[in-house]
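Inspection log for the structure reproduced underneath, given as structure tokens.
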Amino acid sequence: MHQVNLTGQITREAVCEMARAKGIETIVDGAHSFAQFQFQQKDLDCDYFGTSLHKWLFTPKGTGMLYVKRDKIEKIWPLMAAESKQATDIRKFEEIGTHSAAPKLAIGEALLFHNGIGGKRKEARLRYLSRYWMNRLKDVPKVRFNTSFDPAQSCAIANVQIEGMNPGTIGSYLFDKHRIFTTPIIHEEFQGIRITPNVYTTLGELDRFSNVMEAIARKGLPA
């Protein structure tokens, strides 16, 4: 994973470098990294890169992108049989039978919107929003973060917990009582709720979330 969906941890390019040094091919899952923060796929120097486009590029669900290093294409079988002349053509992976053209056409509009904002400006906005609420809560007793504040290791996604409290219970309370949507994460190594603001999230919304979380941390959940 280029970015871990549970905590927002960004995996650095060094992983591909270490694998390459040992003759290991690398497949990078870029579902959350693509269009969230600025990077060049070529800088990863991976053999394969796949991403879903609906998460951060805002395309319709069901759209995605696949990169296969040119010299690897021939040995990978497509999902549907291809002619021998397509052996080294990456378009052989596109054939999935009859499908709607509308989602694919929408990709172009989504790219126009993304480029209109600008990749670096979008990243800066997302990082500003995430650090805004994180800084609001970082000194509150019982609040613990499972995500680094280091900009090289995280961007928009962060995972936060309140010690001694079940993330699912907190998540249900936030949504049922305040209509604040979060994603509870319970992992064998950590637990918390995943918070993911987007470019349209307002500071007022983050203030409301932070105020509720601080009240829970200091006073517990209302009976």
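The values are calculated or read from the model by the stated rules, or taken from the named source; none is laboratory data. Remember, it's a predicted structure, so these values are computed and weren't measured experimentally. Because the Cβ atoms are built from the backbone with ideal geometry, glycine has one as well, and the counts that use them run over all protein chains shown. Heads up: the accessible areas ignore ligands, DNA and RNA and are worked out on the full protein's heavy atoms, side chains in. Shrake-Rupley method; radii C 1.70, N 1.55, O 1.52, S 1.80 Å.
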Karplus 3J(HN,Hα) series, Hz, for the range 25-37 with 6.51 cos²θ - 1.76 cosθ + 1.60 (x for Gly, Pro) = 6, 10, 10, 9, 8, x, 4, 9, 6, 5, 6, 8, 10
Roughly what % of Cα-Cα distances in the range 43-117 sit above 17 Å, to the whole percent?
-> 55 percent
Table column - 3J(HN,Hα) (Hz), the range 167-175, Karplus curve with 6.51, -1.76, 1.60, x for Gly and Pro = x, x, 5, 5, x, 5, 5, 4, 7
For the range 161-179 versus the range 109-133, the gap between their alpha-carbon centres in whole angstrom = 28 Å
Label model pair Met1, Met80: point-to-point distance (7 angstrom along the Cα→beta-carbon line) in nm is 3.2 nm
Report the normalised scattering of the range 119-161 as log10 I(q)/I(0) at q = 0.17, 0.20, 0.27 Å⁻¹, calculated by the Debye formula with identical scatterers on the alpha carbons.
-> -0.44, -0.59, -0.96
Any lysines with Cα under 23 Å of the Lys85 Cα? List them, leaving off those in the same chain fewer than 8 positions away.
-> Lys69, Lys72, Lys75
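Using alpha-carbon pairs under 8 Å, 6+ residues apart, how would you state the relative contact order of the chain in percent?
After rounding, I find 18 percent.
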What is the extension gain from Asn198 to Glu109, computed as 0.36 nm multiplied by their sequence separation minus the C-alpha to C-alpha distance, in nm to one decimal?
-> 30.2 nm
Cα long-axis angle, helix 119-137 against the chain (0 to 90 degrees, to the nearest 10) | 30 degrees
Which whole-number value in Å² is the accessible area per residue of the range 1-147, probe 1.4 Å?
-> 61 Å²
Consider just the alpha-carbon atoms of the range 101-223 and return their Rg together with their Dmax, both in angstrom.
-> 16.3, 53
Using a ≥ b ≥ c from the Cα gyration tensor of the range 1-88 (square roots of the eigenvalues), is it rounded, prolate or oblate, where a/c under 1.5 gives rounded and otherwise the larger of a/b and b/c decides, a/b for prolate?
-> oblate
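With both bridge residues required to lie in the range 1-91, what share of the DSSP beta bridges run antiparallel, to the nearest 5%? If you can, show how the numbers build up before the last one.
Working: 6 of 9 bridges.
DSSP beta bridges in the range 1-91 are roughly 65 percent antiparallel.
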Separation in nanometres of the label points that stand 7 Å from Cα toward Cβ, at Gln38 and Asn166 = 4.5 nm
Sort Asp43, Asp71 by accessible area with a 1.4 Å probe, largest first.
-> Asp71, Asp43
In nm, give the distance between the simple-model label positions of Asp71 and Asp45, each being 7 Å from the Cα along the Cα-to-Cβ direction.
-> 1.3 nm
Reported to the nearest 10 Å², Val4 has, with a 1.4 Å probe, an accessible area equal to 40 Å²
What residue among Gln36, Gln153, Gln161 has the largest mean-square fluctuation in a Gaussian network model of the chain, using Cα springs under 10 Å?
-> Gln153
For Arg12 and Glu94, what is the calculated FRET efficiency with R₀ set at 45 Å and r taken between the beta-carbons, to the nearest 0.05?
-> 0.90
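Would you please give the FRET efficiency between Ile186 and Arg208, computed as 1/(1 + (r/R0)^6) with r the Cβ-Cβ distance and R0 = 22 Å, to the nearest 0.05?
0.35
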